[in-house]
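Read the structure below first, then the notes.
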Amino acid sequence: MVRHSPVEAAAAGLASGAVTLGVAEVVAGLLVRVVGTDGTPSPLLAVADSFVDRTPAWLKDAAIAAFGTGDKAALIVGTGVVLAALSAGLGLLARRRRGLALAGLTLLCVVALAAVLTRPGAAPADAAPTVLGGGAGLLVLVALFPGSSAARAPTPAPDGPGRRSVLVLGGSLAVLGVLGIVAGRVLSGAGEVVRAARRAFVVPSVAVPVAVDPAAEQGVRGQPPFRTPNAEFYRIDTALAVPQVDPAAWRLRVHGMVRREVEIDMADLLSRPMVEALVTLTCVSNQVGGDLAGTAVWTGLPVSELLAEAGPLPGADMVLSTSADGWTASTPLEVLTDGRDAVLAVGMNGEPLPPEHGFPARLVVPGLYGYVSATKWVVDLEVTRFADAAAYWTTRGWAERGPVKTASRIDVPRGRSLPAGPTTVAGVAWAQHRGISRVEVRVDDGEWLPADLAAEPTVDAWRQWRLAWEATPGRHTLTVRATDGTGKTQTSAEAPPVPDGASGWHSVVVDVEG
Ligand SMILES: Nc1nc2c(c(=O)[nH]1)N[C@H]1C(S)=C(S)[C@@H](COP(=O)(O)O)O[C@H]1N2
Ligand SMILES: [Mo]
């Protein structure tokens, strides 16, 4: 009986784990690329997706607080670390109890299989990658821990002088496995069809384009621009792999409590007269002073037109929108039909929607947080009632309705010291669909000073503000508060993002040099 050193055993365990995933990811990549599936055949992605779907409000909030929009990368790195530890652990276990280690690997594969087969759109064939990967991983464990049946092991036992070669063999297999994982991800994530379709996609021109008043941009150095470039727009969603939706295959169904069901395809959508809407989107997970907000010009069809065509029945009070990957949002019917610029958007700042922002179509509704309104990759609108249906985040501890709370933020100065003398304090404030009527700044415990407001092209977007300040030496705390278009001043009561958005006044501490 061969007894590996702990290091050899851990390396062998890592090798079997890497081979399991490498084989599985290559097969999954081929399945996605060559055969095609609506499911998630990659065990890695399926497990991570299932984990995300089991995320309660507090955990999502904590993840975004800690990692911001890097939450996905953090989850992927975390998954890798956990899997590596599990594999090494199986190797250590196999040193003494090979049978138990084989059973452990099998159990992990069964768990992964359960995740794969319960993803939206799963088909039986999606099981193939996990089954083949698991088989390969078991063979590696058997080969590297020949046990008592060494003579009949399928590969020569790394016996006697070759024993040290377990490290080499295990290491090489681990590297091959990791290469397999990368190759599989590249294969399945390529989405070339959709990329080409996006390049060919022409955003319709509209009768009345948005012309943003140049005075909305006050031009203070160091302040984010009034309009957020697409590449800098924050991204928040539950999708670890960006859903690839081919506009040629895209359909949107409007159904539920309606007089007649409506289904449109992309040609139909693009043939209708579209509008442009200037809207600031905000995430409910944004902390006071945070940057999960952005402003764009959205080109799209007013949602109210689609709804009017379907004819909501009396009693309906909500539209449940669903994305291609099964995520849902609950939007009050009232908000979608009260005349505001709620759009089924295909364009963002004049470009087709970037894939990660919902290509080919998404919803944008001014005045509501994204989690109850801004469904990306949208494919379905069900007219229903809040009493009858609940959306993705509502079932995980967030409020069923999410009107945006009035917020203001100091962007300049921030996080550094400055020389004494005249300087500019500047920032942005938002209360979508109510507008901003006043912004005030306080230095330490002084009087509230009215800030100068930039132009407000629409009540649906944020508003920049600035204040001239004669900075005196020492440490100072600057605090801002805004008043919305209805005359209501932002509350000083501090609340965390869960369950319906953060509140409280934003402060920054600055050191003024003498
Ligand atoms: N399909 C889908 N749409 C979604 C989400 C999601 O997880 N899946 N997240 C929503 C949330 S919480 C927000 S804040 C906005 C963010 O949109 P953006 O990524 O384009 O900034 O998208 C919304 N639309
Ligand atoms: Mo969000």
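Taking Cα atoms only, the orientation of helix 43-53 departs from the longest principal axis of the chain by about 40 degrees. Our Cα-only numbers for the chain put the radius of gyration and Dmax at 27.4, 87 Å. By the rule of a C-alpha distance below 16 Å, with chain neighbours fewer than 8 residues away ignored, the lysines paired with Lys72 are Lys60. Counting only DSSP beta bridges with both residues in the chain, the antiparallel share comes to about 90 percent. Listed peptides 26-36, 114-124 appear in the order 26-36, 114-124 once ranked by packing, highest mean of other Cβ atoms within 10 Å at the front.
Each of Leu381, Ser507, Ala127 was scored by the projection of its Cα onto the charge dipole of the chain, and the greatest displacement toward the positive side belongs to Ala127; charges sit on the C-beta of Lys, Arg, Asp and Glu. Considering only Trp298, Met257, Ser271, and ranking their Cα positions along the charge dipole of region 214-396 that arises from unit charges at the beta-carbon of Lys, Arg, Asp and Glu, the one farthest toward the positive end is Trp298. Phi-derived couplings, Karplus 6.51 cos²θ - 1.76 cosθ + 1.60 at θ = phi - 60°, listed residue by residue for region 122-135: 5, 10, x, 4, 5, 6, 3, x, 5, 5, 5, x, x, x Hz, with x used for Gly and Pro.
The residue among Pro360, Pro243, Leu281 whose Cα reaches farthest toward the positive pole of the charge dipole of region 214-396, with charges on the beta-carbon of Lys, Arg, Asp and Glu, is Leu281.
About the centre of its Cα atoms, region 1-128 shows a dipole size close to 560 debye [charges on the beta carbon of Lys, Arg (+1) and Asp, Glu (-1) only; nearest 20 debye].
Relative to the dominant Cα principal axis of the chain, helix 71-96 is inclined by about 20°. If you take the alpha carbon atoms of region 221-329 and fit the smallest convex hull around them, that volume is 151 Å³ per residue. Give the angle, between 0 and 90 degrees and rounded to the nearest 10, that separates the Cα long axis of helix 57-67 from the longest principal axis of the Cα atoms of the chain. It works out to around 90 degrees.
Over the residues of the chain, the helix contribution to mean residue ellipticity at 222 nm works out to -10500 deg cm²/dmol, using -39500 (n - 2.57) for each DSSP H run of at least 4.
Here the chain is assigned +1 on the Cβ of each Lys and Arg and -1 on the Cβ of each Asp and Glu. Its dipole about the Cα centre then comes out at about 2040 debye. The slack between Glu263 and Ala495, meaning 0.36 nm per residue of separation minus the straight C-alpha distance, is 79.4 nm. For Arg195 and Glu470, the difference between the fully extended length at 0.36 nm per residue and the C-alpha to C-alpha distance is 93.8 nm. Between Val81 and Ala455, the distance separating the two model label sites (each 7 Å from Cα on the Cα→Cβ line) works out to 5.0 nm. The order of the peptides 76-82, 134-140, 373-379, 176-182 by mean Cβ neighbours within 10 Å, most packed first, is 373-379, 134-140, 176-182, 76-82. Between the alpha-carbon centres of region 405-467 and region 229-268 there is a gap of 36 Å.
No value in this document is a laboratory result; all are computed from the given coordinates. What you see is a predicted model, and the numbers here were worked out from it, not measured in a lab. Counting neighbours? That spans all protein chains shown, and the Cβs are built from the backbone with ideal geometry, glycine included.
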